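Comments concern the structure below.
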Amino acid sequence: MNGRKEYVVAVAGATGAVGREMISVLEERCFPVKELVPLASSRSAGSRITFNDQEIVVRELKDDSFRGVDIALFSAGASVSREFSPKAARAGAVVIDNSSAFRMEPDVPLVVPEVNPEAIFTHKGIIANPNCSTIQMVVALKPIHDRAKIKRIVVSTYQSVSGTGKKAMDELFNQTQMMLSFKKEDIKPKVYPHQIAFNCLPHIDVFQENGYTKEEMKMVNETKKIMGDPSIRVTATTVRVPVFIGHSESVNIETERKVTVAECRELLRKAPGVVVIDDPANNLYPLALEAAGKDEVFVGRIREDESIECGLNMWIVADNLRKGAALNAVQIAEILVGHKVMKAVIDIEYK
Ligand code: NAP
Ligand code: 12T
C-alpha cells in the first residue's frame, strides 16, 4: 500500500458534538477519504452534512451500514458502540471507538498517539479512544513519567458541558439566558440533576458503589492502561463547570526521582502535542477559552509541591472535543493507514 491509497470512512454519530468535530478534523488534516459515510439515528437520517464542500446525506445506522467501510469512527454512545462496533469489525472495518464501551477490555488497545502509538497495531478490529480528561492528562504526564517515574497522581477536573454532548450545550445556553433575564424560577434541569449555569457540579457520569463517579474511575483505570504501568496510584475528583468547550485540570504528582520546575518546563516544552504557557508575572497560564479550537494540550502553573520531597503541581487544559475526542481518534486513524505518521498496516492487520 502506498501513501496515496484512499479509504471509505464511516462516522457513527455524525450529527453529534464529537461526530461533527471528527468530520471537520478529517477535512482539515486532509485524511485520505475516498468516501465519507455519515451515520446517525433515524431522528437525523436524511439531514445533510458538509465535507470538502460536498453535501452528504446522513444515513440511519443499521446492521449493513459497514459494507465496504475501511475505518469506522464511533461516537454515538456506549450502547450504540456495544451493538454496532463488533458488527462493523466483522464487516471488515477497523473501528476507532470514542465511547467507554470497550476501553478496559484486555483485547482492545486504548491509545493516545503521543503516549502509546505502538498499541494500535495489536488491535483485533476495535481500537478505543480514551476518556477526554484522561487523554489530556497523560499527554502532559508521560514525559515526566519517563524521566522520573510517577508514583501517585491526585487530579481535580473542571469539565465543560460539551463533554456530555449537544443537549448539554443547549442547556447551559438556555439556563444562562434565563438567569440573565431574571427567570431563575423557570429553570428546569434536564441533562444534569442540578442547574449548571453559574454553578459547579461534583458529579460526572454515574455514581459507583465506592462513592466515586464513573468518570473518576475512568481516569484511574485508563491512566494505568495507557501508561502501561498499573503501579501508578491515581485518585480523581471530576467536576462539571459552566464552560462550553475546554476541560481544565489541577494535577498533583509525586515522583520517585526529583524533577525541578525548570526541568519540568523543559521536558514539557519538548513534549509532542504539548504547549507550555507558564508566565505568572504576566498573568499567563492555560485557559479553556483559549484552548478551545486548538489541537495541543496546554500546561502551566508548574510549581513544586512544597509539602513533599518529590512533588509537582500543574494546570492542564485542552479542547475536549478535539484532543479529548475527535482529533485523538483521527490521529489513531492516521497512524493506522500510514498517513503522515507511520507505515500502513491496516490491510495486513485486518482482512
Ligand atoms: P451528542 O452530541 O449527544 O451526539 C450523539 C450522536 O450519536 C448523534 O449523532 C446522534 O444522532 C447519535 N446517536 C444517538 N443514538 C443513536 C442511535 N441509537 N443510533 C445511531 N446514532 C445515534 O453526543 P457527543 O458528545 O457527540 O458524544 C457521543 C459519544 O462520544 C458518547 O459515547 C460519549 O461518551 C463519547 N464522548 C467521548 C468523549 C471522550 O472522552 N473521548 C468525549 C465526549 C463524548 P442523532 O442526531 O440522530 O440523535
Ligand atoms: N459522561 O467518553 O459527560 O466516557 O462529560 C466522556 C464525557 C462520558 C466518556 C461527560 C461522559 C465520557 C462524559
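Computed from the coordinates by the stated procedures, all read-outs in this text should not be read as laboratory data. Note that this is a predicted model, so its numbers are computed, not measured. No Cβ is skipped: glycine too gets one built from the backbone with ideal geometry, and neighbour counts run over all protein chains shown.
Annotations
- With contacts taken as Cα pairs under 8 Å and at least 6 residues apart, the stretch 166-257 reaches a relative contact order of 26 percent.
- As a length-normalised measure over Cα pairs under 8 Å and 6 or more apart, the relative contact order of the chain settles at 18 percent.
- The stretch 159-223: chymotrypsin sites (Phe, Trp or Tyr not before Pro) in DSSP coil with no more than 12 other Cβ atoms inside 10 Å: Phe182, Phe198
- Cα-based convex hull, the chain, per residue volume (Å³, whole number): 156 Å³
- Candidates Val299, Val112, Val37, ranked by Gaussian network fluctuation over the chain, Cα under 10 Å, top entry: Val37
- Of Arg257, Arg20, Arg240, the one that fluctuates the most in a GNM where the chain has Cα springs shorter than 10 Å: Arg257
- If you look at the Cα atoms of the stretch 25-131, you get an Rg and a Dmax of 14.1, 40 Å.
- 20 Å Cα-Cα threshold exceeded, pairs from Lys5/Lys34; Lys188/Lys218; Lys214/Lys294; Lys167/Lys225; Lys224/Lys294: Lys188/Lys218; Lys214/Lys294; Lys167/Lys225; Lys224/Lys294
- Residue-averaged 222 nm ellipticity for the chain, from DSSP H runs of 4+ at -39500 (n - 2.57), nearest 500: -8500 deg cm²/dmol
- Overall shape: oblate for the stretch 2-45, with the ratio a/c of the largest to smallest alpha carbon gyration tensor axis at 1.5 or above and b/c at least equal to a/b.
- Rounded, prolate or oblate (a/c below 1.5 giving rounded, otherwise prolate when a/b exceeds b/c) for the stretch 121-249 by Cα gyration tensor: prolate
- Shape call, the stretch 194-351: gyration tensor on alpha carbons, a/c limit 1.5: rounded
- The fraction of Cα-Cα pairs per 5 angstrom bin, counted from 0 for the stretch 35-86, comes to 4, 18, 30, 27, 15, 4, 1 percent, rounded to whole percents.
- For the stretch 76-135, fraction of C-alpha pairs farther apart than 18 Å, in %: 26 percent
- Those GluC sites (Glu not before Pro) in the stretch 1-100 that DSSP places in a loop and that have at most 16 other beta carbons within 10 Å: Glu6
- A protection proxy built from the mean count of other Cβ atoms within 10 Å ranks the segments 258-264, 280-286, most packed first, as 258-264, 280-286.
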